[in-house]
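What follows is a single structure, written as structure tokens, with notes after it.
The values are calculated or read from the model by the stated rules, or taken from the named source; none is laboratory data. From a predicted model like this one, the values you see are computed outputs, not experimental measurements. Neighbour counts run over all protein chains shown; Cβ positions are idealised from the backbone, glycine included. Note: areas computed on protein heavy atoms with side chains; ligands, DNA, RNA excluded. Shrake-Rupley method; radii C 1.70, N 1.55, O 1.52, S 1.80 Å.
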Amino acid sequence: MAKLMPTPDAISTILANKSPDESVELPEIVVQVSDLIPRGKSFMFTATDGNAKLKGMLSSRLGPQVTSGEIQNLGLIRVLGYSVNFNPNLSENYLLVTKCDVVSAALEAEVKNEVKKEDVGIILKPKQEMASKSVAQIVHEQAGNMAPSARMAMTRRVHPLVSLNPYQGIWTIKVRVTNKGTMRTYKNARGEGCVFNVELTDEDGTQIQATMFNEAAKKFFEKFELGKVYYISKGSLRVANKQFKTVQNDYEMTLNEYSEVEEASNEAAFVPETKFNFVPVDMLGPHVNGKELVDVIGVVQNVSPTMSIRRKINNESIPKRDITIADDTKKTVVVALWGELATSVGQQLLDIADQSPIVAIKSLKVGDFQGVSLSTLSRSTILVNPESPEAKKLRSWYDSEGRGASLASVGSGMSPLAKSGGRSMYSDRVTLSHISEDPSLGEDKPVFFSVKAFISSIRPDQAMWYRACKTCNKKVTEAIGSGYWCEGCQKNDEECSLRYISVARVTDVSGETYLSLFNDEAESVIGCSADELDRLKSQDGDDNEFQQKLKEATWVPHLFRVSVTLNEYNNEKRKRITARAVAPVDFAAESRFLLEEISKMKAS
């Protein structure tokens, strides 16, 4: 049986082609893995062919093969995908293996060919390679006379955004600025500073958010211009914070004052494809008041005049315009355009409103005004009459049947839910056991359901309300002397109101659970305000009207729209179920719902 050995001169083969084309088949490259050590999710190692060595890293995708024992120290691997970067700090090349096959488990020792060398790791190059080096020097000298962006494009391989990860060394990307934030200031324990971010898109449509702080923010804020194309290098990547990320990418980029940003001028500029992840209008309910932004596409039904709204935070006026859009679910929703979008794109839509234009809108916040509403942010983008398959399909539907169809607001049928931020009480209907028995519900973000249940008990000894400011409804405290102090309004009032914040036990055919009720929902269940119930509680007598009022509220069927979140308290995860809307049971509508469910069961 032939002895397994690395490919002779494998390291020189790798160094001769540092960035191989993925479409070209690589020659046989088998190296021995030595000095294998973990580094985060990846593994550092030294590749050797017996003649020379090259330090490198196995990508995080190969980590499971190491932890499972497939790739072993002193074992052999066949390199199928790689890139070589230059580490300026150590003045040496660095190998990143992205794909490989395992050739053998660990050998007895490190393979060393008996070739006399003056220095370990130095490859003696033949004469023809010396000639190639002279050519490279000539090219380098010619490139020195070029513009910086052309020089960067010529001397470095441009990486697609999808290929970047935190463990890569040197890379260069070519991207367009598709969104630019404002310069913001902050103050924390370490002092004051400034920050701004941009959203970058490459020609494949992949996006990433880049953030700059302090000196880097000041250096690049004026340099980055919306819509222009740039070469960027010497940045760093890290795993994106889900709470703050604005694009669909697992990583986010940070640029410092030493990063290189050069405009790609005098080149054929690319137009990156704007990628959308459209949510049908009738499926917006679960996103209400969530942190995740949505994309929608619809036919414009109405455009309002521009109005001026005064912000509470700084008393500044900002233009606003509402447009109503519809899609092939036959539902409509109001989209609030703010700032420049209201005056520019909004005016354009008003001018062509009689043509029923189609709009594709990216990065919208879903709110609970009128049940469900949408609102633009500074990063939102609007395409008018886009040339996309979704737009063509929607135009075909609208011209054939949508124009004459009966359209309803996505919040219609939910008049009791005007402030609830929910869908219809007959959407996402589940039992209580479905919510209580699934431990993962609400772990990443709030989820919404509809339930039909009875209030089985309301504990009379709980703190059922709090003292609230009559202006802003926030909690007040007793002021020194007399009256009540509101921290939100920064004022002292002689009177306050009471608002519910209570818990009730609810029951259905599958089980029971506890439900948090805030003021509006508790008023619907109990049938009176917190001030009225407080007056009843203050009356004398064991069997007073307070107890009777709570008793009357039990064993009455209700339709609830609820949100489910998973909170952590004392290192223990607890599920919180909150009523976002309450409505009495409409028995005719309930019967129609049950008949429809029966029909679905028969059809399946």
Here the net charge surrounding Val585, from other residues whose Cβ is less than 14 Å away from its Cβ (Lys, Arg +1; Asp, Glu -1), is +1
With a 1.4 angstrom probe the carbon and sulfur portion of accessible area for the range 284-369, in percent, totals 51
With a ≥ b ≥ c from the Cα gyration tensor eigenvalues, square-rooted, and the rule rounded for a/c under 1.5, otherwise prolate when a/b > b/c and oblate otherwise, the range 542-602 is oblate
Partner lysines whose C-alpha sits under 23 Å from that of Lys112, ignoring same-chain residues fewer than 8 away, are Lys3, Lys53, Lys55, Lys125
Computed about the Cα centre, the charge dipole of the range 161-263 from +1 Lys/Arg and -1 Asp/Glu charges at the Cβ has a magnitude in debye, to the nearest 20, of 400
Here the alpha-carbon Rg of the range 457-604 over 2.2 N^0.38 Å rounds to 1.32
Among Thr306, Gly402, Ile361, the residue whose Cα sits farthest towards the positive end of the charge dipole of the range 281-409, when +1 is placed on the Cβ of each Lys and Arg and -1 on the Cβ of each Asp and Glu, is Thr306
Here the net charge surrounding Gly81, from other residues whose Cβ is less than 15 Å away from its Cβ (Lys, Arg +1; Asp, Glu -1), is 0
Distance in Å, no decimals, from the C-alpha centre of the range 532-604 to the one of the range 308-338 is 32
For the range 10-104, the per residue accessible area (1.4 Å probe, Å²) is 47
Under a 1.4 Å probe, counting only protein heavy atoms, Met601 has an accessible area in Å², nearest 10, of 140
Over all directions, the range 10-104 yields a Cα convex hull whose mean projected area in nm² is 6.0
Lys and Arg at +1, Asp and Glu at -1: neighbours of Val24 with Cβ under 15 Å from its Cβ sum to -1
Low-density loop trypsin sites (Lys or Arg not before Pro), the range 1-46, at most 12 other Cβ within 10 Å, DSSP non-H/G/I/E/B, are Lys3
Toy charge model, Lys and Arg Cβ at +1, Asp and Glu Cβ at -1: the range 281-409 dipole around Cα centroid in debye, rounded to 20, equals 400
Measure of exposure for Glu222: accessible area at 1.4 Å probe, Å² rounded to 10, is 140
So for the range 281-409, using the alpha carbon gyration tensor with a ≥ b ≥ c as root eigenvalues (a/c under 1.5 gives rounded; past that, a/b versus b/c decides prolate or oblate), I'd call it prolate
Hydrodynamic radius by Kirkwood for the range 161-263, inverse mean 1/r across distinct Cα pairs, in Å, is 13.9
XL table Lys174/Lys445; Lys452/Lys600; Lys491/Lys573; Lys218/Lys445; Lys330/Lys600; Cα-Cα > 30 Å flagged, in table order, is Lys174/Lys445; Lys491/Lys573; Lys218/Lys445
Given a 1.4 Å probe, the accessible area of the range 534-590 per residue, as a whole number of Å², is 63
Taking 157-168, 287-298 and ranking on average Cβ neighbours within 10 Å, highest first, one gets 287-298, 157-168
Output ordering of 323-333, 439-449 (per-residue mean of other Cβ within 10 Å, highest first) is 323-333, 439-449
